[in-house]
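Student: One structure follows; several queries about it will come next.
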Amino acid sequence: MMKKVFCRCSCYFKENIYLQQVDAHVHYINDEQFRQDYKNLVSSENSIEQLLSLVYKEINRRENLDAEARKRKDQISREYQPLYPELYKFQSKFLSEKFKEICSQPKSSNEYLQRLSNGIYSMPVFTKEFCTQFLEELKHFEASPMPKGRPNSMNNYGILLDELGFTSFIDELRNQYLNPLAQALFSDGYVGSTGLDSHKAFIVSYKIGEDVDLSYHYDNAEITLNVSIGDQFEGGDLYFGTMAKAHRTVFSNFTFVEHKPTIGVLHRGQHLHGTEPIKSGERYNLIIWMRSSSIRNQLCPMCWKKPECLIPVDSDNYGDGMIKSIESN
Ligand SMILES: [Fe+2]
Ligand SMILES: [Zn+2]
């Protein structure tokens, strides 16, 4: 019998490696290629050898990532005592009535669904009560001695929600609300024939003295939902520019989006964006990267090619959202 498994593209282990020290994304095939291609990144502070060692470190981290994630997830599910266990099971009462109204008739104009610019929508998503409890839960987890993974190579502070036990919560939110909404708001080329069939969900936090902003980038997602959960902060607006290269179109201006608690911004993952520095306080955002296997199997958004080789991941993991059929016994 054949079964479908989620996969990563093999480029994950050689491309799109972010080097924070020089604020650049690089690719690595071998030492010689790297020395040749990145001469221009060398400075008095960063020798090519130092940069290479950072690349090795990142590749090594990626190779061990799934095994490490599994260990953390197991320990969290065994030992962590949630503050609000009831939050872990999705309930529609967590959602703002306005959001449910938008999702029930996504094609008709709705005063709460704001189209901010081409392909950028803003809307209330959760209730205030949910955000308040969720934030307390997140802080409770942060203060616990549980092991914590990094959300991605650009954020140092944050929480991986799939490790904390929110996979089925996000699955339900995606299947029941976000996928149908995205199908109505975006053209086929962004949701594909399979729809948004997997995700990666995490919290990023920005605090004075820790990460305060995020440089211009695109997401490893077809469609991203970014919801501000709180807390008290000033600054930290999101800004959007042009599309990344697979969908390059010319927009002349940046769109700035002020982000208030309970409000979500829905956008295409390849719409280049960043966050401005926060000026005070601390800010927590829930980010859901939603992926479509039908799109990714044709074009990997990280190497911009049809995946050469799909590497299956564990069954409790969505990998990079590609799918392959394998023989199962
Ligand atoms: Fe992003
Ligand atoms: Zn790839």
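Student: Among the candidates G281, G230, G235, G321, which residue alone is modelled with pLDDT of 95 or more and at positive phi? Steps first, please.
Tutor: Working: G281 fails: modelled with pLDDT of 95 or more; G230 fails: modelled with pLDDT of 95 or more; G235 fails: modelled with pLDDT of 95 or more.
Testing whether each residue is modelled with pLDDT of 95 or more and at positive phi leaves just G321.
Each row is one residue, and each column tells you yes or no for (1) within 16 Å of ligand 1 (Cβ to nearest atom); (2) within 13 Å of the chain's Cα centre (by Cα); (3) of a type in the set (A, V, I, L, M); (4) in the same structural domain as G236 (by TED's automatic domain parsing).
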{"position": "G264", "(1), (2), (3), (4)": "yes, no, no, yes"}
{"position": "G269", "(1), (2), (3), (4)": "yes, yes, no, yes"}
{"position": "S292", "(1), (2), (3), (4)": "no, no, no, yes"}
{"position": "P312", "(1), (2), (3), (4)": "no, no, no, no"}
{"position": "D320", "(1), (2), (3), (4)": "yes, yes, no, no"}
{"position": "S325", "(1), (2), (3), (4)": "no, no, no, no"}
{"position": "S328", "(1), (2), (3), (4)": "no, no, no, no"}
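Student: Condition first: assigned to a helix (DSSP H, G or I), in contact (Cβ under 8 Å) with a residue 60 or more places away in the chain and touching a Cys at 6+ places or on another chain (Cβ under 6 Å). Can you find one or more residues in region 6-25 that meet it? Reasoning before the result, please.
Tutor: Going through region 6-25, the residues assigned to a helix (DSSP H, G or I) turn out to be 10-13, 20-22.
With the extra rule that they be in contact (Cβ under 8 Å) with a residue 60 or more places away in the chain, the set shrinks to 10-12, 20.
Next, from what is left, pick out any that are touching a Cys at 6+ places or on another chain (Cβ under 6 Å): 10-11.
Yes, region 6-25 contains a residue that is assigned to a helix (DSSP H, G or I), in contact (Cβ under 8 Å) with a residue 60 or more places away in the chain and touching a Cys at 6+ places or on another chain (Cβ under 6 Å).
Student: Could you tell me which residue of region 272-282 is farthest from ligand 1 (Cβ to nearest atom), considering only residues that are over 22 Å from L178 (Cβ atoms) and not acidic (D, E)?
Tutor: Taking region 272-282 as the starting set, the residues that turn out to be over 22 Å from L178 (Cβ atoms) are 274, 276-282.
Applying the additional criterion that residues be not acidic (D, E) yields 274, 277-281.
Values: G274: 8, P277: 16, I278: 16, K279: 20, S280: 22, G281: 21 Å.
Residue satisfying both the conditions and the ranking: S280.
Student: Let me ask something else. Might you check whether a residue that is in a loop (DSSP other than H, G, I, E, B) and not small (G, A, S) occurs anywhere in region 96-105? Show your work before the answer.
Tutor: Of all residues in region 96-105, those in a loop (DSSP other than H, G, I, E, B) come to 96, 105.
After this cut, where a residue has to be not small (G, A, S) as well, the list is 105.
So far as region 96-105 goes, yes, one or more of its residues are in a loop (DSSP other than H, G, I, E, B) and not small (G, A, S).
Student: Limited to region 272-301, what total is found for residues that are open to solvent by less than 40 Å² (accessible area, probe 1.4 Å) and within 11 Å of ligand 2 (Cβ to nearest atom)?
Tutor: Result for region 272-301: 3.
Student: Restricting to region 240-255, what's the tally of residues that are out of contact with any Ser or Thr (no Cβ under 9 Å at 6 or more places or on another chain) and either within 24 Å of Y177 (Cβ to Cβ) or at pLDDT 80 or above (or both)?
Tutor: Matching residues across region 240-255 total 0.
Student: If you don't mind, another one. Quick check on region 2-25. Is at least one of its residues touching a Pro at 6+ places or on another chain (Cβ under 8 Å), of a type in the set (F, W, Y) and within 16 Å of ligand 2 (Cβ to nearest atom)? Give the derivation first.
Tutor: To start, the set of residues in region 2-25 that are touching a Pro at 6+ places or on another chain (Cβ under 8 Å) comprises 5-7, 9-11.
Restricting the remaining residues to those that are of a type in the set (F, W, Y) gives 6.
Checking the rest, the ones that are also within 16 Å of ligand 2 (Cβ to nearest atom) come to 6.
Within region 2-25, one or more residues are touching a Pro at 6+ places or on another chain (Cβ under 8 Å), of a type in the set (F, W, Y) and within 16 Å of ligand 2 (Cβ to nearest atom).
Student: For region 294-310, how many residues meet the condition of being under 22 Å from F186 (Cα atoms) and away from ligand 1 (no atom under 16 Å from the Cβ)? It would help to see each step written out before you state the result.
Tutor: Restricting attention to region 294-310, the residues satisfying the condition of being under 22 Å from F186 (Cα atoms) are 294-302, 304.
Filter again for away from ligand 1 (no atom under 16 Å from the Cβ), leaving 294-300, 304.
Of the residues in region 294-310, 8 are under 22 Å from F186 (Cα atoms) and away from ligand 1 (no atom under 16 Å from the Cβ).
Student: Show the residue pairs meeting these rules: Cβ distance below 6 Å; 6+ apart or different chains; first residue within region 288-308 and touching a residue at least 24 places away in the same chain (Cβ under 8 Å); second residue β-branched (V, I, T) and open to solvent by 20 Å² or more (accessible area, probe 1.4 Å).
Tutor: Taking only residues 6 or more apart or on different chains, the pairs are S292/T194; S293/T194; S293/I323; S294/T194.
Student: Could we say that S168 is of a type outside the set (D, E) and within 16 Å of ligand 2 (Cβ to nearest atom) here? Spell out the reasoning first.
Tutor: On the way: of a type outside the set (D, E): yes; within 16 Å of ligand 2 (Cβ to nearest atom): no.
Spelling it out, it is not the case that S168 is of a type outside the set (D, E) and within 16 Å of ligand 2 (Cβ to nearest atom).
Student: Look at region 262-309 and say how many of its residues are among the aliphatic types (A, V, I, L, M) and part of a loop (DSSP other than H, G, I, E, B). Steps first, please.
Tutor: Start the filter on region 262-309 by keeping residues that are among the aliphatic types (A, V, I, L, M), which leaves 263, 265-266, 272, 278, 286-288, 290, 295, 299, 302.
From what is left, the residues that are part of a loop (DSSP other than H, G, I, E, B) are 299, 302.
Summing the residues that are among the aliphatic types (A, V, I, L, M) and part of a loop (DSSP other than H, G, I, E, B) in region 262-309 gives 2.
Student: What do you reckon, is L87 closer than 18 Å to E258 by Cα and surrounded by 13 or more Cβ atoms within 10 Å (Cβ to Cβ)? It would help to see each step written out before you state the result.
Tutor: On the way: closer than 18 Å to E258 by Cα: no; surrounded by 13 or more Cβ atoms within 10 Å (Cβ to Cβ): yes.
Here the answer is no, as L87 does not meet what is asked.
Student: Let me ask you something else. Looking at region 310-329 only, could you name the residues that are open to solvent by 60 Å² or more (accessible area, probe 1.4 Å), assigned to a loop (DSSP other than H, G, I, E, B) and closer than 23 Å to D171 by Cα?
Tutor: D314, S315, D316
The values are calculated or read from the model by the stated rules, or taken from the named source; none is laboratory data. Worth saying up front: this structure is predicted, and the values here are computed from it rather than measured. So basically every Cβ, Gly included, is an ideal-geometry build from the backbone, and we count neighbours across all protein chains shown. All accessible areas refer to the heavy atoms of the entire protein, side chains included, with ligands and DNA or RNA removed. Shrake-Rupley method; radii C 1.70, N 1.55, O 1.52, S 1.80 Å.
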